[in-house]
Amino acid sequence: MLKNAIAWLRRSHRLHHLLGGFLLALALGFTAAYAAAAALEFKDWQWGGEPSVVDFILTVAGGVVGAVVRTLLSPVP
């Protein structure tokens, strides 16, 4: 089952969306990851492709995890 999940993530650069959202949120915050997800899908639509809801959700999910890690690593005032 894990092999199927990893194979599914590797299809169509889904793993890149997940990791990209994570790294963006870790460095710049959740809003940056959300904006990047929307911009990527808008770019796909503008170039005649079909926007992928799955790619958008994976980028945002990576952003959520990155934002949580960023919050946990930030110093408490």
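Pairs linking a residue in region 2-27 that is over 26 Å from Arg70 (Cβ atoms) to a residue that is modelled with pLDDT of 85 or more and polar (S, T, N, Q), with Cβ atoms under 8 Å and 6 or more positions apart or on different chains, are Ser12/Ser52. In region 49-68, the condition of being open to solvent by 50 Å² or more (accessible area, probe 1.4 Å), in a loop (DSSP other than H, G, I, E, B), hydroxyl-bearing (Ser, Thr, Tyr) and modelled with pLDDT under 95 is met by no residue.
Residues that are modelled with pLDDT under 95, under 24 Å from Asn4 (Cβ atoms) and in a loop (DSSP other than H, G, I, E, B) are absent from region 16-39.
The values are calculated or read from the model by the stated rules, or taken from the named source; none is laboratory data. Just so you know, these numbers come straight off a predicted model, no measurement behind them. Reconstructed Cβ throughout: ideal geometry from the backbone, glycine too, with neighbour counts over all protein chains shown. Heavy atoms of the whole protein, side chains included, go into the accessibility calculation; ligands, DNA and RNA do not. Shrake-Rupley method; radii C 1.70, N 1.55, O 1.52, S 1.80 Å.
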